[in-house]
């Protein structure tokens, strides 16, 4: 519908002024119409005419078009348009366009590191990443969900060093004896011990560095026999099991591939060495760096003075692996804001020798997830709030509310609370607020859907062709108008990769429906067929929107 209106206005401008012009349509407040455009003001300078006069000339032509019930000029030259009821009724059933048809899009998110449990920050990026991937998929793209994690690197060296200190001579059997439901937390505690020792004690630091080298060596030697290797591989596998268990609990779409750092390290290392010979990278105090200052960025180390690849080099290997394996049209990476400048330098370095994957990579960053009270989550300290802790808190809040206690409602509460805020800012999570059955919450929307389903069930009817009508009262038309916005909302959310846009719309839609239902008798009224059709359209739209956020739409609560 929107595109048809744009084309109509463009045709009128071509007929009147022989110009090609881009048309911006806005949704004004309902009292001013269904659409508004500032095209007259945009043409004013080019035509050297008063914008209000131009608007009046365009409006006179639009009066003859069957799509419009009313058109008029407002202010300095805005054109307000009210559509016919019939067009609105047809528009409410339109589906969003598939703007990404034929494209292959990679979406990388979550990215937890083995040997460390998933903390609250991982919970956030997993839920938001799942919603972004659903948006991309909704738009018709072949969507590949990727999960990248550090199974090598200094954090592993710190954890393995502390584990060996902890175990003494007991070895692998002692590790296996730790209950599975405690292993994740236990590894997190060992990591914290190793991190503190690395920072505070020089001797321990050197031991950790040597342990880190052993981790790389067991990969290059394909070592699965030594006790060190057996402990490493056992805990790495357990880590991935824990990750998959959490994803299952979150009911997010399964990842297509887990890519460990060890898989891409050699490619990244060899590429950096090769490109150093070509001048892309350069030596500095025994290390190899990329001088981002030449591009208005900053310098970063890609191979350290010990000859070991850094995270930057592994990201080079990851980018090239993605390109070799998928030849993607776009690669979306979702990380915390603190990775922003880091990724700028890495992508700029890659662009010097692999411009295509660099140009097709889009980096989305998000803020911190905090519990109410302002506590920052950090895996660098022993006191870490885990992802499961957040889920447990949400379940407790749901039980306390007496209503939002089922798994689907608890997940709806958490997911909606995290995705309703624009990606980029910090999110303060309040379990009680997220579980509330009133206000802008997941359970409120889920209840709103269940309420509509209850009306449909009670009526015993389904939507019929009688839902097409030129006769709409005020509350009916307001609901139809809101339903007609859905395709445009989805297209905007896809274009901006912003799930929060859908949240805002669904909340407004639910409020619109509630006003309609409070003022319009549905069952037993002379207009029952029409109104049942509206309730059915509302329920389907709300369900589709919630599904794009990864939230179930229950039929009863």
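Considering 454, 441, which residue is under 22 Å from residue 513 (Cβ atoms), surrounded by fewer than 16 Cβ atoms within 10 Å (Cβ to Cβ) and touching a residue at least 24 places away in the same chain (Cβ under 8 Å)?
That would be 454, the only listed residue that is under 22 Å from residue 513 (Cβ atoms), surrounded by fewer than 16 Cβ atoms within 10 Å (Cβ to Cβ) and touching a residue at least 24 places away in the same chain (Cβ under 8 Å).
Please enumerate the residues belonging to segment 211-230 that are assigned to a helix (DSSP H, G or I) and within 25 Å of residue 269 (Cβ to Cβ). Explain how you work it out, then say what you get.
Filtering segment 211-230 down to residues assigned to a helix (DSSP H, G or I) leaves 211-220, 227-230.
Residues satisfying the conditions are 211, 212, 213, 214, 215, 216, 217, 218, 219, 220, 228, 229.
Within the bounds of segment 32-43, is there any residue that is under 22 Å from residue 486 (Cα atoms) and in a helix (DSSP H, G or I)?
yes
If residue 252 passes every condition in (1) buried (at least 21 other Cβ atoms within 10 Å of the Cβ); (2) out of contact with any helix residue (DSSP H, G or I) (no Cβ under 8 Å at 6 or more places or on another chain); (3) in a loop (DSSP other than H, G, I, E, B) but one, which one does it miss?
Evaluating residue 252 over (1) buried (at least 21 other Cβ atoms within 10 Å of the Cβ); (2) out of contact with any helix residue (DSSP H, G or I) (no Cβ under 8 Å at 6 or more places or on another chain); (3) in a loop (DSSP other than H, G, I, E, B) leaves (2) as the failure.
Step by step: first the residues of segment 322-342, then only those that are over 18 Å from the mean Cα position of the chain (by Cα) and without any contact (Cβ under 8 Å) to a residue 60 or more places away in the chain, then the one that is surrounded by the fewest Cβ atoms within 10 Å (Cβ to Cβ). Which residue is that? Steps first, please.
If we filter segment 322-342 for residues that are over 18 Å from the mean Cα position of the chain (by Cα), which is where we start, we get 322-329, 341-342.
Now restrict to residues that are without any contact (Cβ under 8 Å) to a residue 60 or more places away in the chain: 323-325, 341-342.
Details: 323: 19, 324: 10, 325: 13, 341: 14, 342: 17.
Among residues in segment 322-342 that are over 18 Å from the mean Cα position of the chain (by Cα) and without any contact (Cβ under 8 Å) to a residue 60 or more places away in the chain, the one surrounded by the fewest Cβ atoms within 10 Å (Cβ to Cβ) is 324.
Just checking: which of the helices (runs of 4 or more DSSP H) contained wholly in segment 91-206 hold 2 or more residues that are under 28 Å from residue 218 (Cα atoms), out of contact with any helix residue (DSSP H, G or I) (no Cβ under 7 Å at 6 or more places or on another chain) and in contact (Cβ under 8 Å) with a residue 40 or more places away in the chain?
In segment 91-206, 180-200 are the helices (runs of 4 or more DSSP H) which contain 2 or more residues that are under 28 Å from residue 218 (Cα atoms), out of contact with any helix residue (DSSP H, G or I) (no Cβ under 7 Å at 6 or more places or on another chain) and in contact (Cβ under 8 Å) with a residue 40 or more places away in the chain.
Sort through 239, 204 and tell me the only one that's over 18 Å from residue 113 (Cβ atoms) and in the same structural domain as residue 111 (by TED's automatic domain parsing).
Details: 239 fails: over 18 Å from residue 113 (Cβ atoms).
Only one candidate passes the filter, namely 204.
Exactly one condition in (1) farther than 26 Å from residue 479 by Cα; (2) in a loop (DSSP other than H, G, I, E, B); (3) without any contact (Cβ under 8 Å) to a residue 24 or more places away in the chain is false for residue 76; which is it?
Looking at each condition in turn, residue 76 falls short on (3).
Of the residues 320, 364, which single one is modelled with pLDDT of 95 or more and either more than 23 Å from residue 416 (Cα to Cα) or not assigned by TED's automatic domain parsing to the domain that holds residue 264 (or both)?
320
Scanning for something crowded, with 17+ Cβ neighbours inside 10 Å, within 17 Å of the chain's Cα centre (by Cα) and without any contact (Cβ under 8 Å) to a residue 40 or more places away in the chain, does segment 520-541 turn up at least one residue?
No, the conditions are met nowhere in segment 520-541.
Determine if segment 144-151 includes at least one residue that is buried (at least 20 other Cβ atoms within 10 Å of the Cβ), closer than 17 Å to residue 495 by Cβ and within 18 Å of the chain's Cα centre (by Cα).
No, because not a single residue in segment 144-151 is buried (at least 20 other Cβ atoms within 10 Å of the Cβ), closer than 17 Å to residue 495 by Cβ and within 18 Å of the chain's Cα centre (by Cα).
In contact with a strand residue (DSSP E or B) (Cβ under 8 Å, 6 or more places away or on another chain) and assigned by TED's automatic domain parsing to the domain that holds residue 143: which single residue out of 258, 295 fits that description?
Of 258, 295, the one residue that is in contact with a strand residue (DSSP E or B) (Cβ under 8 Å, 6 or more places away or on another chain) and assigned by TED's automatic domain parsing to the domain that holds residue 143 is 258.
I need the full set of residues from segment 397-420 which are assigned to a loop (DSSP other than H, G, I, E, B) and modelled with pLDDT under 95, in order please.
Step one: list which residues in segment 397-420 are assigned to a loop (DSSP other than H, G, I, E, B), which gives 402-406, 420.
Result: 402, 403, 404, 405, 406.
Which numbered condition in (1) over 37 Å from the mean Cα position of the chain (by Cα); (2) in contact (Cβ under 8 Å) with a residue 24 or more places away in the chain is the only one that residue 240 fails?
If we test residue 240 against (1) over 37 Å from the mean Cα position of the chain (by Cα); (2) in contact (Cβ under 8 Å) with a residue 24 or more places away in the chain, just (1) comes out false.
The values are calculated or read from the model by the stated rules, or taken from the named source; none is laboratory data. No experiment lies behind these values; they were computed from the predicted model shown. A quick note on method: Cβ atoms are made from the backbone with ideal geometry, for glycine too, and the neighbour counts reach across all protein chains shown.
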